[in-house]
Amino acid sequence: MRAVGEALRECPCTEKDWESVGAMESAQGEGESDAWESEKIWLHKMSRIAFYDSQPLSETNAWPFASRTKKDATKSTVALFKASVSAFIAAKNTQRLAEVDWKLQENKLINSWKELLMTHTPRPGGLADVSCEFNVHVTALEQELAKRQNEGDKSDEFGRRIKHIKIMIQVLQSIKASFQYCATALYDTVFAPLRAFSSASITSENFESGVEFVSWASRSVMIASELCQTKDSYHVRMTRYTKHEFLNWSRKLLDFFYHHLSSVRGSHIVETLGSGSDCAELMQLIKCLPTMRLTLPCKGTSRRATYLSDTRFSDKFQRKLTRFALTVIGAAKSQLSQHTQTHKLGKFLFPEWIEHLVDTIEHNKSYTVKELAREILLSLDIANLLATRVEVLSVKSLIKLSDDELSVDDELSVDYDDDVKELKELLSWLRSILSVHPSKLRNVADLAKDLISVFGFCRLRRETHGDKVQKSGHDHSLESDICSIFACLAVSRDHDLDDEEKLKSCPCEMVKLRSEDARKMIQQLVMHEDHLDDVEAVILNMLTLDRTSMSASDTTIPSALAALTMLVRKNCVLRERFFKSGDTTNTLLEILECKNANVARITSACILSFEEHHRLVTSLYKPNVITDKKGEQVTEISGWDVDTIRQSLRAISALVKDSTVSSIGFDSAILEVICTDRRMLVLTNKIKATIEKKINKSMDYPNSRLCFPEALLEEWVFDLLCMRSDLLTQMATAVTNGGGDPWKNFKPKHEEFASFISREFEVANTDATIPPEAHAEWFQEVVTLVTTVQEKLKKDEEISDVCSILMDGDTDGPSSRVGIVVPILTLLHKCRILQEHNLISELEVEGISDIEKEACYVIGLLASKQGIQDRIASSFLIEGKNGIEQLIPLLQRYQPSAKNAANASVARRASDAITNLAHENSRIKTMVRNANGIPPLVNLLESQEKKVQKAAASALRTLAFKNGENKNQIVECGALPKLIFMARSEDVMIHKEAIGVIGNLVHSSPHIKRRALDEGALQPVIELLKSQCSETQREAALLLGQFAARLEPAAPGDPDYRTKIVQRGAVEPLIKMLGGQFVYREPGLREMAAFALGRLAQHGDNQVGICHSDGLRPLLTLLESEIEDIAEGLRHHSASGKSDHEIDLDAKRFAENLQHNAAFALYGLAAHQDNVPKMLKENAFMRLKFSHLIAEQSKQCVNKTLKRLEDGVSRRDVLTYLGFVISTGKPVERQRVTLALAWLIRKENQDYLKDMRAVFIDKGGLDVLSGALLDTPAEPIDFSGHTSGLAGGKRIVNVIMEALREIKDKLVSQVVVESHMMPPPSTPTAEEHMPANFNDPELSDVTFIARDDEGEKREFNAHRIAFTHASDAFLSTLEAGKADVDVYPATYKVDLEDVCWNVLEAMMDFIYTGTVGPMSSLRDQAFLQHRCEDVLSATTRFDLPGLKYLTEKLFIDNVKMDTFTFARTCALYRAAVEHDAVAIQDHVLGYVLDNYDKPWIDDDVTMNCLTSYKARVKDIVECFGKGLVKYLDKLLRRERVAVVADAQDE
């Protein structure tokens, strides 16, 4: 406020105006109301002076920014400031009248401040901050004004221009003042409260309600977000006017605020504050939810301008605030319900807050936020209200559409009718509400009955006015929304599973997805004769739409597929109806072949629901091949419909391929429900098969299978799945061992099914002599099947994993027993027979290669799933050959020299399949080698097809990984020359795979590495360091690192490849890879570059080259890699779809490897003495010493590097050069080297004291440290490893203090520094009889008067003869005494009331005896601790050096410094300096230097924060800084050296 007043001093004002300003300034310390009144007066003045409406302001030539600034921007600034003034005055006045209105005015006021501060001026070069140029323009205008005034021209024209210039100066100064005022006001009202926030702040004293708290928090963070927009530079103004670097400061503040918010639960806010009773404030909060978008800055934005915002942190903050808001809103449901009834409604006869909550669902990605908003709407019965209104509108529109008297124009505008618009909007709301976790819906019957009429309206509209409606731009939104709604309703789970606790304890996720009641109800409703035709027509019409132009966000076809999936689910009648009503099967396959990710998942669910996958698999069995008896020639073939087989294989590949979630959002829930059905079918089929086997039904009666009650069986199996596996096992064991009734735990609920099973076993026991224990054994097998399913789903296997379902046997019908692999391998076997055997011309089949290619592709997809590899490779034998042996012939058939595209595609797909099968599976790698699969793969490297080359190289790379025998065979087959040729290819994919294979071959295989180098692999690998592909660069760097290792066993004449690698130009690109443009994007690239440099740096000839090629600086930067920075880069640039937890784990692994590789490289560089000075000048020592490393091995490596630096500094030539740098170098280098030498000069060196004096005295090292400590350092160091605690930040002051402590520790072990050990100055002793007369009144001729601690006067009887040898200062005091003539003999009285009695007594004791007695106060530790300054003062006053010496000795020997507070220590030190008590000075300085970073005795818990710690260190430097430097200077210059080793031995 005062700054604003000062800014206006140059403005012409009346005396009354300045009185207002003075009142405003003085009101800072007055009451609240007076401050408000003064501020109001000041703002009135501002509005009058700053933006006075004058004609010159509208003149183009009168405005200083006229050439670059739009006048509209200036006018908007004026308007905004006036609005701010008006809002402020209104708010302050209103506050006195009503507190509630003040809250709303407060928001308006703060928004006015924010908008004014964010006013910008468009420039041709982009947006810039006009506030930065105020001073420049004001100065220019003032110079122009002075020039015109000096010219003395009094003409009207010039007079007006001078007046205009004055007005412009006032305007500029006022705008600047307004910016400053708004920035300061925002800082005080918005950001300052955030700094003081904690979970304990959430009280009714601070916030009236939960709504007020959430509104305050949201508003504050959103304002911070808007001001942090780097593209508009608003943060520049905040930085300028608040004196904080706003981006970094605000991010730290928001981190702090978020941390405290994370410890708060929404329920706690409601419990503590309640929801609140202000309905207007509640409505305002709901209105803000959909538009809450945060763009918060990254950490250290000023240092890393690449990242303008931290998207992850912004999203987290937004989700937390939105969750808090929704929790509070949910607690205010009664107010929302009341508001709906009593307030004016918005559009569509519904209150606006419903629309805002629906928009919150649609615009938020957080599932928790969506569900909270949905629960609020459902709990208020909004869905039923909307459905009722939809029914009214649909019936009304249906009647209107059926009217025969509609005009042509009405027909064309049917989509734009108000009722239809409202119908679309309400259906969109319902879809948003119901599509969030549809399995939790309730009362779906009422909703479905209200909404079913929409199908009739959609059908009639299409049939009656189809062409005209299509021309008018029909968007199928009605059809899409109603289909989505019905699909969600059909997903709702059964009512008997409402017990949430039961669901949480259920061990199987399949049980939670059961939705039979809703399915049956929806299907029954749709099958009604009044609705079936409408539903069928709408869905089939949507499926026949043009699919070629379908966008990724189009929901039309996915919605139709979702509805169709749930309608035909487990319903044969509807399934047949849709089959007969259109070519549904082919339609589904065509949609699947579109390869549109938006429909892949829901199409797979629809195919499974129709059980079309059975037909697809069955078609693979139809081809048949018959050979002659010798098996040499094909004699007959049948069923080879190549197009059908190929289409089936493509559809199967689409089913098993991972697909993304579509635009409808709930397709995953539908697929899970369908897959639950399929898994249940597989499980029940296996259970039926076990009982048939037990009772010999399938063997004795092959034509009549057991007729199971399917519904009863499924119900029983679901109950089994609900039980824990350990309980099931105990139950089965008890039944098997005890022979009891296995059904006793399932009665009476499953009485009917138990009777059926028991009856079948009884009949079998009678007819087929089945043993009695067969029933119990069958029960044991059933339990095993159920527990197997439970365990599979526990091992992170998704329920919706179609691949697993097909592998378990849901393939070719109700009685299927084998997985999908058997028919595919069988088909491959038949194709191989056709391809390899002699055929007669009439039996030739075209397209066999296409079938083989598609079959291999499906196998590759299946093999990519965990746990399926071994089943494909060896579990299924076709004519004695396993899966691997079926694939190898496909590789052997292809000849690289032959130009056969079909065979090339087959070989590529077969290679891919082998790659996926052998991935991280050593058993399959061995199987491939044993099946002679490596030679054909090596042969494929010579293919002319690049895709074949890549696929073969990828397979060899996988086979060579951690498999020595495979490596040897690959090399023996001649792969190395081919791979080296491929590495020279310009094709990125080719040389990337080639370099990967070579890398796997040479890893841990010295003989292969030797052979690869002999074959000439080195130069191509070095050239690949310059590749445009970062993955290739990474692989090349890794391979170079392996090449740089020593050849083992070493052979005579082996070249040193480390030198060759450097000579051929590898260092420069490797160093470039360490830094580069994308430092945070590609940590793997930097990891391998550091690895290679680390290996190269272990050779002496390379160490200097790497260091002097600017490799040192990026390696030091790499040593400081932080997990947060790497994780941030991975999140911004990773397209892998990994979760935050997975990214954090990757970031931690990268950080560990980066740090270790950098530490290893620096360890190598430090071995050469020529690198030591450069490393110290680059601050390598300090960065190594204070590095914060993750892995223990990295820490050990750094310690070894520091030891090597010590060894280097111990060399005389190195130390001499470093001294030269200290005396003549650049300021930064002088500071760095001096700090390093404080640690690096070894005590073990014989001449280390001489070296210390040379460095710190002769060369001025101590002066460098003194200047950095007491003045401005040459470089602001910051090695902060912690954010709090006295052991925290390692900033420049702390580092220098540690360096001084290190110097001191090296000196005091050899130099005797205790001055009290020196002989005391001579003090004349008194006569021998004088001690006997101490304080004896007899013969006393002088009396000293002093006061004790209680203030009482006390007298000391002394004898003048005792003071004959006292100092002149004491004698003059004695002579100043007054003679007492009233007594005889006459005595002198000396008034020393300003001297403490104990001090006087000790002083007299010393004068009388030359020492102090055992009962003297000086020998009391407590006295010295509290009154040492008094004694020192007396020794100075009375010139008693001997007593001073004795006091110092007793203090040092008896008093413990750790009992002193910080303030007391400072006072003692100042007294010691004042009274020249050198020994106490040194003693205190030594203690301070040793303990400056530890808590003092009076410190409380608040000292644990870093801010308090920084203030403490600053106080230490101010008090003791100069003394510490002098203290060390004295130690360094001391000539007397005492060797204390002998003393220690004694």
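Provide the FRET efficiency to the nearest 0.05 for the ARG1046-ARG1149 pair, computing r from the beta carbons and using R0 = 22 Å.
On the way: r = 27 Å, r/R0 = 1.24.
Given R0 = 22 Å and the Cβ-Cβ separation, E is 0.20.
For segment 641-670, list residues with backbone N below 17 Å from a point placed 7 Å from the Cα of LYS595 toward its Cβ?
Flagged as within label range: 646-660.
Along the charge dipole of segment 935-1024, which of MET982, SER954, LEU941 sits closest to the positive end, that is, farthest toward it, with unit charges on the beta carbon of Lys, Arg, Asp and Glu (+1, +1, -1, -1)?
Ranked along the dipole, the leading option is SER954.
Figure the gain on full extension for ASP1368 and ASP1213 (residue separation times 0.36 nm, minus the Cα-Cα span) and round it to one decimal in nm. List each step's numbers first, then the result.
Details: separation 155, 0.36 × 155 = 55.80 nm, distance 5.77 nm.
Result for the pair: 50.0 nm of gain on full extension.
Which loop-located trypsin sites (Lys or Arg not before Pro) does segment 1088-1196 contain, where loop means any DSSP state but H, G, I, E or B and the Cβ has at most 16 other Cβ atoms within 10 Å? Present the calculation step by step, with values, prior to reporting the outcome.
Numbers: sites: ARG1095, ARG1131, LYS1138, LYS1148, ARG1149, LYS1174, LYS1177, ARG1183, LYS1185, LYS1195; in loops: LYS1138.
Sparse-neighbourhood loop trypsin sites (Lys or Arg not before Pro): LYS1138.
So which GluC sites (Glu not before Pro) in segment 210-284 end up in coil per DSSP with only 15 or fewer other C-beta atoms within 10 Å? Can you show the working numbers first?
Details: sites: GLU212, GLU226, GLU245, GLU271, GLU281; in loops: GLU245.
Passing both the DSSP loop test and the Cβ count: GLU245.
Given the Cα-Cα distance of ILE1361 and SER1004 and 0.36 nm per residue of separation, how much length would full extension add, in nm? Each step should come with its number before you reach the end.
Values: separation 357, 0.36 × 357 = 128.52 nm, distance 9.66 nm.
Extending this stretch completely gives an extra 118.9 nm.
Treating segment 1080-1203 as a set of equal point scatterers at the Cα positions, no solvent, please give the Debye-formula log₁₀ I(q)/I(0) at q = 0.09, 0.19 Å⁻¹.
The calculated log intensity ratios at q = 0.09, 0.19 Å⁻¹ are -0.25, -0.94.
For VAL1342, which sequence-distant residues (separation of 5 or more, or a different chain) have an amide H within less than 5 Å of its own amide H, given hydrogens modelled in the peptide plane?
ALA1358, ARG1360, TYR1388
What GluC sites (Glu not before Pro) in segment 952-994 are in a loop by DSSP, with at most 10 other Cβ atoms within 10 Å of the Cβ? Write down the numbers at each step before the final one.
On the way: sites: GLU965, GLU972, GLU986, GLU993; in loops: GLU986.
Sparse-neighbourhood loop GluC sites (Glu not before Pro): GLU986.
Could you compute how much accessible surface LYS108 exposes when probed at 1.4 Å, giving the result in Å² to the nearest 10?
Here the residue's solvent-accessible area equals roughly 110 Å².
For segment 861-982, divide the Cα radius of gyration by the Kirkwood radius and give the resulting Rg/Rh value with two decimals.
Working: Rg = 13.5 Å, Rh = 14.2 Å.
Using only Cα positions, Rg/Rh for segment 861-982 is 0.95.
In the full protein assembly as shown, how much of LYS1026 is accessible to a 1.4 Å probe, in Å² to the nearest 10?
Number for this one is 130 Å².
Which value in nm describes the separation of the simple spin-label points at GLU205 and LYS1522, placed 7 Å from the Cα toward the beta carbon?
Calculated label separation equals 4.6 nm.
Go through segment 1030-1036 residue by residue and turn each phi into a ³J(HN,Hα) via Karplus (6.51, -1.76, 1.60, θ = phi - 60°); whole Hz please, and just put x for glycine and proline.
5, 5, 5, 4, 4, 5, 5
With every protein chain present, what accessible area does TYR367 have (1.4 Å probe, heavy atoms only), rounded to the nearest 10 Å²?
Accessible surface of TYR367 is approximately 110 Å².
Taking the Cβ-Cβ separation of GLU846 and THR544 as r and a Förster radius of 35 Å, what is the calculated FRET efficiency to the nearest 0.05? Before the final figure, lay out each step's value.
Details: r = 32 Å, r/R0 = 0.91.
Efficiency for this residue pair is about 0.65.
Starting from 0.36 nm per residue, how many nanometres of slack lie between THR291 and GLU1393 once their C-alpha separation is accounted for? If you can, show how the numbers build up before the last one.
Values: separation 1102, 0.36 × 1102 = 396.72 nm, distance 7.79 nm.
Gain in length upon complete extension: 388.9 nm.
For segment 921-974, state the semi-axes of the equivalent ellipsoid (square roots of 5 times the eigenvalues of the alpha-carbon gyration tensor), sorted largest first and rounded to whole angstrom. Numbers along the way, then the final one.
Working: eigenvalues 70, 24, 17 Å².
For segment 921-974, the ellipsoid semi-axes come out as 19, 11, 9 Å.
For segment 259-270, what does the Karplus curve 6.51 cos²θ - 1.76 cosθ + 1.60, with θ = phi - 60°, yield as ³J(HN,Hα) per residue in whole Hz, taken in order and with x for Gly and Pro?
4, 6, 5, 5, 8, 10, 9, x, 5, 5, 4, 5
At q = 0.12 Å⁻¹, what log₁₀ I(q)/I(0) does segment 1198-1249 have when each alpha carbon counts as one equal point scatterer in the Debye sum?
Log-scaled intensity ratios, in q order: -0.26.
Can you pull the three principal axis extents for the Cα set of segment 953-1049, in Å, largest first?
Sorted largest first, the three principal extents are 34, 28, 20 Å.
How large is ³J(HN,Hα), in whole Hz, for each residue of segment 935-945 in order, when computed from phi with the Karplus curve 6.51 cos²θ - 1.76 cosθ + 1.60 and θ = phi - 60°, using x for Gly and Pro?
Those phi angles translate into x, x, 5, 5, 5, 5, 5, 8, 5, 7, 8 Hz.
If you take the beta carbon distance between ASP1056 and ALA1191 as r and set R0 to 22 Å, what does 1/(1 + (r/R0)^6) give as a FRET efficiency, to the nearest 0.05?
Efficiency, rounded to the nearest 0.05: 0.15.
Taking all protein chains together and a probe of 1.4 Å, list GLU352, GLU760, GLU362 from the most accessible to the least accessible.
Values: GLU352 110, GLU760 35, GLU362 75 Å².
These residues rank, largest area first, as GLU352, GLU362, GLU760.
Compare ILE924, ILE833 by solvent-accessible area with a 1.4 Å probe and give them largest first, with all protein chains kept in place. Mind dumping the intermediate values first?
Values: ILE924 0, ILE833 20 Å².
Per-residue accessible area, sorted high to low, gives ILE833, ILE924.
Extending each Cα 7 Å along its Cβ direction at MET527 and ASP1101, get the distance between those two points in nm, one decimal.
8.8 nm
Would you calculate the separation in nanometres between label points at VAL1308 and LYS147, each defined as 7 Å from the Cα along the Cα-to-beta-carbon direction?
6.9 nm
Of the accessible area of segment 937-981, with the probe set at 1.4 angstrom, what percent is carbon plus sulfur? Mind dumping the intermediate values first?
Working: 850 of 1810 Å².
Here carbon and sulfur together make up 47 percent of the probe-accessible area.
The values are calculated or read from the model by the stated rules, or taken from the named source; none is laboratory data. Computed from a prediction, not measured in an experiment: that's the story for all the values here. Here Cβ is always computed from backbone atoms with ideal geometry, including for glycine, and neighbour counts include all displayed protein chains. Side chains included, ligands, DNA and RNA excluded: accessible areas come from the protein's heavy atoms. Shrake-Rupley method; radii C 1.70, N 1.55, O 1.52, S 1.80 Å.
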